[in-house]
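What follows is one structure encoded as structure tokens, with my remarks underneath.
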Amino acid sequence: MENEIYWIWLQQCWGYGKKIDSFRSEFVNAKRLYDADDKEIKAVFSSKYSSQLIKRDLKKAKEIFEFCKEHKIHIVTPDSDFYPSKLLEIEDFPLVLYVRGELEVLEAQLSIAVIGSRTCSAYGEEVAKDVVSDLAKNNVVIVSGGAVGIDSVAHRTTIENGGKTVLVMGCGHGYGYLPENSGLRKSVAENGALVTEYPPLFPVDQGSFPRRNRIISALSDGVVIIEAAERSGTLNTKNHALKQGRKIFVLPGDTKSGRFDGSNHLISEGAIPIFSGEEILNHYGIVVKDKKNTARKTGTPFENIDEKGLSARKGRVGRKKKVAASETKKASEPIETLKEEEKVIEKAKNPPEGISKNAEIVYNVMSEGVIELDEIIRKSALGVGTVLACLSELEIFGAISKTSPQTFEIN
């Protein structure tokens, strides 16, 4: 009999998303448990589970096995060569994975989960595309949950950039959840893998998505949160990621809109703020070579920005201004010194038009040249979340540049 049938049987008896340490230490694999006598089983498991196990009813497991075989769904079990080693590290690892697509992609050298709001802003979507593009072009597998919003953006952008992506479902293959994304799921199966711990046709229930989220984070080396409100469901995945020892990367956002309250709170708790995929790659020791220095796209990243001020600047912000004669130094002084002084005067007196008041405060404290993030926070007295959001705003306007992960300067 096929070994997978015993794992499916165990899953049907045990359920989903539950700790199974006792099974691992005593029985090693599902076939060994099936062959154990009743006394051994009762000595390890509670009466709730032992009563199911000692029945040794394989009927349902065989039906699932045959369905998967007929519909070309891979059955991946913990003793399979294709079972992801990252999943075996967690205490509630899935007993069975049902997979459509490439099995090899599940054991990628570097995988990053990209998740966020289902009702994302234009800014969140734009940055998600930029981040995922950077990662996908550098052979990073993108993991997400296939929902509308940021999840869909992550999968589609990966495919558009020739990368591989894994979509972890909260239901079984063949169940008609989110029909508008059926085309996306088909594309993912052709450019990565559709993964679920639920057997075919398993419906969505109250706990299926929270259980699903532990797999998204466990399959990944780090989790990127693009946009999360204070009570966002995205934060459930964050909780799993922290428990599993994964790095958390967060895009800072506008403190007034409410869309980024959860994100900014995570940063204040120690999450790593990021503005690009390149920064994430650097955290894993990957240096992007020959990266083109292209201008950032403009958009409406902060809901409190005046549209008139924003539309007046496409690309980089022009702020050049002649220095009055009374402000210049003597002609005998070196020309280079005059130019440097002129730049300081321009920077100090000409913040970009249309930026928020907080961003203007941040801009003004940066007039002395290259400055560290801690110094900006101290001088502005705005708080880390607000400062990071303002820096993102100023970068979008092309007003500042990041010289290192913790230092900035005015352009």
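Every number in this text was worked out from the coordinates using simple rules, so none of it is lab data. Note that the coordinates shown come from a computational prediction; the quantities given were computed from them, not determined experimentally. Cβ coordinates were reconstructed from backbone atoms using ideal geometry, including for glycine residues, and neighbour counts include every protein chain displayed.
Sorting 121-130, 203-212 by their mean Cβ neighbour count within 10 Å, with the most densely packed peptide first, gives 121-130, 203-212.
Please go through the residue pairs K18/K59; K19/K39; K69/K137; K18/K243; K72/K129; K18/K164 and name each one whose alpha carbons sit more than 25 Å apart in this structure.
Working: K18/K59 23 Å; K19/K39 22 Å; K69/K137 34 Å; K18/K243 15 Å; K72/K129 32 Å; K18/K164 29 Å.
Those over the limit are K69/K137; K72/K129; K18/K164.
Label-to-label distance for Y177 and E360 is 4.8 nm, based on points extended 7 Å past Cα in the beta-carbon direction.
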